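The values are calculated or read from the model by the stated rules, or taken from the named source; none is laboratory data. What you are looking at is a predicted structure, and each value in this text was computed from that prediction instead of being measured. Cβ placement follows ideal geometry from the backbone for every residue including glycine, while neighbour counts extend to all protein chains displayed.
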Amino acid sequence: MRHFVYILETLSSHYYIGSTGSLKRRINEHAKGHSNKTTKENGYRRILYAEMYPDRSSAEKRERQIKGWSRIKKLALINGDFGELKNLAKRRVFHSPQIVSRK
């Protein structure tokens, strides 16, 4: 059964990433405030992006991946800027722990 991963924008301009078997039903739930804590507290503005997958596990895997991204990377995905997505993936910076001298 097909599943969807989606990004919506809340009234407070935050992104919410989710997955569902019925995108239309789930968006209706968000719009009515009957879905989850995030959209109940922050409201629903609009759907920004959606992808379709052949099964639930694939969609959930993609959902977890996108949730780990920075806001700028999510925005590149929403805008369909795949060149920027590629650049952002290459520029991924790993921070080493800061060493504090002890005296």
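Key figures for this structure:
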{"item": "Set SER57, SER19: member being closer than 28 Å to ARG91 by Cα, polar (S, T, N, Q) and either modelled with pLDDT of 95 or more or not in a loop (DSSP other than H, G, I, E, B) (or both)", "result": "SER19"}
{"item": "Residues of region 41-55 that turn out to be of a type in the set (D, E, K, R) and surrounded by 13 or more Cβ atoms within 10 Å (Cβ to Cβ), as a count", "result": "2"}
{"item": "Pairs with Cβ under 7 Å, 6+ apart, first in region 28-39 and at pLDDT 90 or above, second part of a helix (DSSP H, G or I) and surrounded by 13 or more Cβ atoms within 10 Å (Cβ to Cβ)", "result": "HIS30/THR39"}
{"item": "Of residues in region 8-44 being of a type in the set (D, E, K, R) and within 23 Å of GLY68 (Cβ to Cβ), the one farthest from the chain's Cα centre (by Cα)", "result": "GLU41"}
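Table: residues versus (1) among the aliphatic types (A, V, I, L, M); (2) within 19 Å of ASN79 (Cα to Cα); (3) assigned to a helix (DSSP H, G or I); (4) at pLDDT 95 or above.
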{"residue": "PHE4", "(1), (2), (3), (4)": "no, yes, no, yes"}
{"residue": "ILE7", "(1), (2), (3), (4)": "yes, yes, no, yes"}
{"residue": "SER13", "(1), (2), (3), (4)": "no, yes, no, no"}
{"residue": "TYR44", "(1), (2), (3), (4)": "no, no, no, no"}
